[in-house]
Amino acid sequence: MRTRLFPLKMAGCVISVKPVSSLIDDKVRIIASGLQPKQNITLEARLVGDKGETFESHAHFITDKDGEVDICRDSSLGGSYRGVSAMGLLWSMKPAPGQRKGIRLMKSDVAKPYNIVLNCFDDHVTPNKSSLQPLSRVSFQKWHMAEGVKRIPVREGRIRGTLFIPPGDGPFPGK
């Protein structure tokens, strides 16, 4: 069962993530609103991997005339990536400071989602180097396996694999 995650409003800033639960390769729309026009902000994404390791990214933005940033429309001016990228805060994640060297973000249990925490900070900051409190925080989920998919392990001799069978009668054409 998937849980619904809602934004936490703090200091007039609201972060909206749509959808709040989706497959790992589905784009999300992230909007920070309720801010001052032309305000410098930093958005930070953090997640804890299956083995307890922490990964993070951040991006610097300037709000529009309405006090809003839409990462599908607005360009990151710095941080972990530059330019317009709906998924920039996800693909640019790196191990957080203090993590073991050489770790990679790899999913070991595809039946459980990544729970990603998104923070909004005032000004262009490096979140892991500051003790600032976020203006706003929201959580969202990214899944590796769609709801209703059957996962069947295959072991035959030296062959190892997994079959993923979608719900329904089929046919199931490949993409």
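The set of residues in the range 21-75 that are assigned to a strand (DSSP E or B), among the charged types (D, E, K, R) and under 21 Å from H124 (Cβ atoms) comprises E44, R46, E56, D70. Residues in the range 155-173 that are part of a strand (DSSP E or B) and more than 31 Å from the chain's Cα centre (by Cα): R155, E156, I159. Of all residues in the range 117-154, those satisfying the criterion of being assigned to a helix (DSSP H, G or I) and surrounded by 12 or more Cβ atoms within 10 Å (Cβ to Cβ) are P127, N128. Assessment of the range 32-40 against the conditions (at pLDDT below 95, surrounded by 15 or more Cβ atoms within 10 Å (Cβ to Cβ) and not hydrophobic (A, V, I, L, M, F, W, C)) yields no matching residue.
When each of I116, I103, I71, I30 is tested for being within 30 Å of P153 (Cα to Cα) and touching a helix residue (DSSP H, G or I) at 6+ places or on another chain (Cβ under 8 Å), the lone residue that passes is I116. Quick one: is T63 in contact with a Phe, Trp or Tyr (Cβ under 7 Å, 6 or more places away or on another chain) and open to solvent by less than 40 Å² (accessible area, probe 1.4 Å)? So T63 fails the test. When the range 76-112 is filtered for residues that are modelled with pLDDT of 95 or more, assigned to a loop (DSSP other than H, G, I, E, B) and open to solvent by 50 Å² or more (accessible area, probe 1.4 Å), the ones remaining, listed by number, are L77, R82, V84.
The values are calculated or read from the model by the stated rules, or taken from the named source; none is laboratory data. Worth saying up front: this structure is predicted, and the values here are computed from it rather than measured. With ideal geometry, Cβ positions are generated from the backbone for all residues, glycine too; neighbour counts draw on all protein chains shown. Just so you know, the surface numbers come from the protein's heavy atoms only, side chains and all, with ligands and any DNA or RNA stripped out. Shrake-Rupley method; radii C 1.70, N 1.55, O 1.52, S 1.80 Å.
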